[in-house]
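Input: a single structure, listed below in structure tokens.
The values are calculated or read from the model by the stated rules, or taken from the named source; none is laboratory data. Here the structure is a predicted model, which means the values were calculated and not measured. Cβ coordinates were reconstructed from backbone atoms using ideal geometry, including for glycine residues, and neighbour counts include every protein chain displayed. What goes into the accessible areas is simple: the full protein's heavy atoms, side chains included, and nothing from ligands, DNA or RNA. Shrake-Rupley method; radii C 1.70, N 1.55, O 1.52, S 1.80 Å.
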Amino acid sequence: MYETINSPFDYGGLTLKNRILFAPTSMGLPREQWLARLEAIASGGCAMIIIGDVPVSRHGFTPSLHTSDGFAFYTQLAQRIHAHDCRLCAQLHQSDSNLGAMLKYVPGVLSGRISKAQLRPLLNEQVGPYITGLSVRRIHAITEHFGETAVLAQKAGFDMVQIHGDRMCGSFSSAIYNLRQDAYGGSAEHRARFAVEAVRAVRSRLPELPIDYKLAVRQQTPSYGNAGVLESELPIFVPLLEQAGVTSFHVALANHSALSDTIPPAGHPCFGGEGCFLHLCDQVRRLTRLPVCGVGGLTDPGFIEAQLSAGRIDCAAMSRQLIADPDWPNKVFSGNCDAIRRCVRCNRKCLGGMMAHQGVHCIYEKESDL
Ligand SMILES: Cc1cc2nc3c(=O)[nH]c(=O)nc-3n(C[C@H](O)[C@H](O)[C@H](O)COP(=O)(O)O)c2cc1C
Ligand code: SF4
């Protein structure tokens, strides 16, 4: 009944055993707990796990491949995930937060004068000046870091990399944040240059490595998402990224409006439904023959099978549904769909847990697990 979901697929040169991926998800959990969670997701039957926000520098909230400790962690992770016949992808991430500008908010946050909800728009205000003011020398260093980090990722055992098209790639792509007047700003072709050079830095070092691109799209009507690529600019960005060496696209709404737009709850005015970002995939589909992966509110086996078999998407990525029930794939393949714990998109313990610095959890976990 779910033949397409359970069929192998050549995802940009990497054979996946089925069409279900774990979407990039930063978890904020202690390492052993994180490993155990990822292992449960791998053993639940998905074809590939994408590790969210792997920094391209030595620093970040997620371990860095550039430190011996971080490299050892990812090597162990790859072994444990591969033992379940599951592939592993590193989402290569460069923050667009200006650390210097953030420091001035630290006293306000510590004293409680600035809440976390108030902090986010304050930090977003810094993104434009930061991107616009980065020196070309610094830009080249950062794009080269994408290539250097991909080499380390492959050595550690990752099967592919995903360039995080939000964050710094997304801010360079967006005319809202990128007000540069040089070769990295202005026209859409110029705004694509940073992302294109990041992809090329990987491709020039690793000619065979599959490179996924998280294409962060700014919806125009109604308007949602501020970083990333406008829908009307996709015909420029998609071919440029493809020529640079991208082998597949992972399509989602762009960042830097509210977090609840990119991780939408069930009651969201625009994105509350099943497959809430698939209309963005349709646009990308028309522009490339490369594989397209959908993400966003995908929970229902029948709906997902229909989208895959119709050729609307090639793979379905899930974040919250595999947090709620890592065994979703195996339950679907064994005809046990009624036993699935369906994600109700409440955002209480996953996004809520992350925002409260308690790590990502789910309402279905027993108190003793939390
Ligand atoms: C707790 C949490 C952390 C996330 N971390 C990342 C991340 O590190 N990188 C990223 O690109 N997306 C991240 N996302 C977004 C997901 O990849 C996904 O696009 C989004 O949650 C919508 O999919 P879903 O409805 O299946 O949850 C995160 C989502 C959640 C819930
Ligand atoms: S806490 Fe709610 S939204 Fe988050 S994974 Fe669990 S059911 Fe889904």
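General remarks:
- Filter result for A78 (assigned to a helix (DSSP H, G or I), among the aliphatic types (A, V, I, L, M) and free of Cβ contacts under 8 Å to residues at least 24 places away in the same chain): no
- Of all positions in the range 332-342, at least one carries a residue that is over 21 Å from I49 (Cβ atoms), of a type in the set (D, E, K, R) and away from ligand 2 (no atom under 11 Å from the Cβ).
- Residues that are under 14 Å from I20 (Cβ atoms), in contact with a strand residue (DSSP E or B) (Cβ under 6 Å, 6 or more places away or on another chain) and outside any loop (DSSP other than H, G, I, E, B), drawn from the range 286-342: C293, G294, V295, I304, C315, A316, A317, L322, P329
- Screening P329 against (1) more than 19 Å from the chain's Cα centre (by Cα); (2) within 11 Å of ligand 1 (Cβ to nearest atom); (3) open to solvent by less than 60 Å² (accessible area, probe 1.4 Å) leaves a single unmet condition, (2).
- Residue in the range 236-247 that is among the acidic types (D, E) and either away from ligand 1 (no atom under 15 Å from the Cβ) or outside any loop (DSSP other than H, G, I, E, B) (or both) present: yes
- There is no residue in the range 91-112 that is among the aliphatic types (A, V, I, L, M), outside any helix (DSSP H, G or I) and in contact with a Gly (Cβ under 7 Å, 6 or more places away or on another chain).
- Going through (1) within 16 Å of ligand 2 (Cβ to nearest atom); (2) open to solvent by less than 40 Å² (accessible area, probe 1.4 Å); (3) in a loop (DSSP other than H, G, I, E, B) one by one, I5 falls short only on (1).
- Conditions (1) away from ligand 1 (no atom under 13 Å from the Cβ); (2) under 25 Å from H145 (Cα atoms): number failed by P30: (2)
- Checked against the criteria, I49 does not count as assigned to a helix (DSSP H, G or I) and either at pLDDT 95 or above or not aliphatic (A, V, I, L, M) (or both).
- Filtering the range 127-138 to residues that are open to solvent by less than 40 Å² (accessible area, probe 1.4 Å) and either touching a Gly at 6+ places or on another chain (Cβ under 8 Å) or within 16 Å of H93 (Cβ to Cβ) (or both) leaves V127, I131.
- Considering residues of the range 314-331 that are acidic (D, E) and within 22 Å of Q33 (Cα to Cα) only, the residue farthest from ligand 2 (Cβ to nearest atom): D327
- Only residues that are more than 12 Å from ligand 1 (Cβ to nearest atom) and either within 18 Å of the chain's Cα centre (by Cα) or touching a residue at least 60 places away in the same chain (Cβ under 8 Å) (or both) were counted in the range 332-356, giving 3.
- Of residues in the range 195-208 being in contact with a Leu (Cβ under 9 Å, 6 or more places away or on another chain) and not small (G, A, S), the one farthest from S135 (Cα to Cα): R203
- Taken over the range 35-72, the criterion of being among the aliphatic types (A, V, I, L, M) and more than 22 Å from G165 (Cβ to Cβ) is satisfied by L35, A36, L38, A40, I41, A42, A72.
- Identity of the residue in the range 260-312, among the aliphatic types (A, V, I, L, M) and more than 14 Å from ligand 1 (Cβ to nearest atom), that ends up most open to solvent (accessible area, probe 1.4 Å): A310
- Residue count for the range 33-48, restricted to those that are open to solvent by less than 10 Å² (accessible area, probe 1.4 Å) and within 16 Å of ligand 2 (Cβ to nearest atom): 4
- Under the condition of being free of Cβ contacts under 8 Å to residues at least 40 places away in the same chain and open to solvent by 60 Å² or more (accessible area, probe 1.4 Å), the residues counted in the range 109-126 number 7.
- Subset tally (residues that are closer than 24 Å to Q154 by Cα, open to solvent by 40 Å² or more (accessible area, probe 1.4 Å) and assigned to a strand (DSSP E or B)) for the range 198-233: 0
- Filtering the range 19-32 to residues that are in contact with a Gly (Cβ under 7 Å, 6 or more places away or on another chain) and away from ligand 2 (no atom under 16 Å from the Cβ) leaves nothing.
- Remark: pairs (first residue in the range 90-101, more than 18 Å from A201 (Cα to Cα) and open to solvent by less than 30 Å² (accessible area, probe 1.4 Å); second residue away from ligand 1 (no atom under 11 Å from the Cβ) and in a loop (DSSP other than H, G, I, E, B); Cβ separation under 9 Å; 6+ apart in sequence or on different chains) = D96/Y177; D96/A227; D96/H256.
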